[in-house]
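Here is the structure we will look at.
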Amino acid sequence: MRQLIIARKDLNMSAGKLAAQCCHASMAFLTAPLRDQSRIIKSTATGNKTFSITLPSSIYDEWICGIFTKTICAAKNYNHLMKAITMASELGLVEGKDFFLIKDNCLTELTPEEVDENGVGRTLTCVGFRPLEDDIAHLMSKKFQLYK
């Protein structure tokens, strides 16, 4: 089992920016459920919150309790990254559950490629997948080179 992250090469992100974007992509499958207010099972007067998250036992046993194997691949550009998203959808993977689009807010080194409904400029930097069985991860990653 491994987590696949595919990052855009054409953005020429600095090493620090690339690392941050890949970290966002890695954490997305765990943090997305935490943003769902319906998962709060206890909220204390001091502001602490207790959540309930359900993970498949394979992810818990083989990845959370394992060695967090990751593969970081390079997409040549936006369109190449979109092909990964199309491929994921064709495999039955669902955005927001199985994979997550990571968009930078462009506060430091990137220029916005889109503007959201709140007027915030963003740029799609990478896609992060939940930990996948190796055969599925390899099926996806063989279409991309390792990020160098």
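Within region 95-148, what percent of beta bridges assigned by DSSP are antiparallel, to the nearest 5?
Details: 8 of 9 bridges.
Within region 95-148, antiparallel bridges account for around 90 percent of the total.
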Quiz item: Can you work out ³J(HN,Hα) from phi for every residue in region 59-69, in order, using Karplus 6.51 cos²θ - 1.76 cosθ + 1.60 and θ = phi - 60°, giving whole Hz and x for Gly and Pro?
Solution: 5, 5, 5, 8, 10, 4, 8, x, 10, 6, 4
Exercise. Could you check which residue among K97, K83, K42 shows the biggest mean-square fluctuation in a GNM of the chain with a 10 Å Cα cutoff?
Key: K42
Quiz item: About its Cα centre, how strong a charge dipole does the chain have in debye, to the nearest 20, once Lys and Arg get +1 and Asp and Glu get -1 at the Cβ?
Solution: 260
Quiz item: At a 1.4 Å probe radius, carbon and sulfur cover how many percent of the accessible area of region 22-129?
Solution: 53
Quiz item: So who's got an amide H within less than 5 Å of the one on C106, skipping anything under 5 residues away but keeping other chains? H placed 1.01 Å off N, in plane.
Solution: T123
Quiz prompt | Order by protection proxy (mean Cβ within 10 Å, highest first), peptides 100-113, 57-70 | solution = 100-113, 57-70
Quiz item: Out of the DSSP beta bridges found with both residues in the chain, what percent are antiparallel (nearest 5)?
Solution: 70
Quiz prompt | Read-out Rg and Dmax of the Cα atoms in Å, derived from the coordinates shown; its label in (1) 16.3, 50; (2) 14.5, 47; (3) 18.0, 60 | solution = (1)
Quiz item: In region 1-82, what % of DSSP beta bridges are antiparallel (nearest 5)?
Solution: 35
Exercise. Could you run the Karplus curve 6.51 cos²θ - 1.76 cosθ + 1.60 with θ = phi - 60° over region 91-100 and give me ³J(HN,Hα) per residue in whole Hz, x for Gly and Pro?
Key: 7, x, 7, 10, 5, x, 10, 9, 8, 9
Exercise. Would you mind getting the accessible area per residue of the chain, heavy atoms of the protein chains only, 1.4 Å probe, in Å²?
Key: 58
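Show me 123-136, 16-29 ranked by packing, highest mean number of other Cβ atoms within 10 Å first. Mind showing how you got there, number by number?
Details: 123-136: 20.7, 16-29: 17.9.
Packing proxy ranking, top to bottom: 123-136, 16-29.
The values are calculated or read from the model by the stated rules, or taken from the named source; none is laboratory data. All figures in this text were calculated on a predicted structure; none of them were measured in a lab. Here Cβ is always computed from backbone atoms with ideal geometry, including for glycine, and neighbour counts include all displayed protein chains. Please note that ligands, DNA and RNA were not included when accessible areas were found on the heavy atoms of the full protein model with its side chains. Shrake-Rupley method; radii C 1.70, N 1.55, O 1.52, S 1.80 Å.
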